[in-house]
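A.B. asks: Let me begin by handing over the structure; questions about it come next.
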C-alpha cells in the first residue's frame, strides 16, 4: 500500500530477549560490515499492522505468535525516505516507507529463530546486540527512524 505522499506502509519489529538485547539481522548480498537491520516488511492491502507484523515475523525469522509477547508499539507512523524513487511489484512508485513499530519479547526458545522460512530469506545471520547498538550501525537513511522507534518503545523494556 502506497499513500498519497508516496510512502509504502510497513511494519518494523524490534525483538528483545530477557536481557533487553535486540535481534540484529544481516541481509544477504551485503558485506559483513553492511546490511544489518531489524526485521521489517510491507503491509498488504486490507491487512492490519499487527497481522503484517506476525506474518513478517514468521517469514523473516521463523517465529510464531506463541513465541513472543508484544511489549509495545508506536501509535503514529514513523517515516523514512530512500533518497530515490523505487517501484513496488505492481510498478507503483514510492519514495520511502511509513512504519508502525512493534517491540516484542522472545518467550519461546531461541532455537525457534529460523532464517529459512521464506522462499528468499531476508537474513543470512543474526545476533543479539545492546538496545542502542543499531543507532550507530544501521544504514544512514534509516538512522532517524530507528532513533524514533527505539526512543518511543524503550519505556516498555
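Since every read-out is calculated from the coordinates, none of them should be taken as a lab result. In this text the structure is predicted, and so the values were computed from the model without any measurement. Methodologically, a virtual Cβ is constructed for each residue, glycine included, from the backbone with ideal geometry; neighbour enumeration extends over all protein chains shown.
A.B. asks: Regarding the chain, what is the average projected area of its C-alpha convex hull, in nm²?
C.D. replies: For the Cα atoms of the chain, the hull's average projected area reads 9.0 nm².
A.B. asks: Find the relative contact order for the chain and round it to a whole percent, using C-alpha pairs within less than 8 Å whose residues are 6+ positions apart. Before the final figure, lay out the partial values.
C.D. replies: Numbers: 307 pairs, mean separation 51.8, N = 157.
Dividing the mean separation by the residue count of the chain yields 33 percent.
A.B. asks: Length gain on complete extension for the stretch residue 111 to residue 147, per 0.36 nm per residue less the alpha carbon to alpha carbon distance?
C.D. replies: Working: separation 36, 0.36 × 36 = 12.96 nm, distance 2.90 nm.
The residue 111-residue 147 span can extend by a further 10.1 nm.
A.B. asks: Once you put a point 7 Å from the Cα of residue 133 and another 7 Å from the Cα of residue 47, both along the Cβ direction, what distance in nm separates them?
C.D. replies: 2.8 nm
A.B. asks: Now for a different question. By how many degrees, between 0 and 90 and to the nearest 10, does the Cα long axis of helix 143-153 differ from the longest principal axis of the chain?
C.D. replies: That works out to roughly 50 degrees.
A.B. asks: Moving to a separate point now. Using helices alone, I'd like the mean residue ellipticity at 222 nm for the chain: each DSSP H run of four-plus residues gives -39500 (n - 2.57), total over residue count, nearest 500.
C.D. replies: So the helix-based figure for the chain works out to -5000 deg cm²/dmol.
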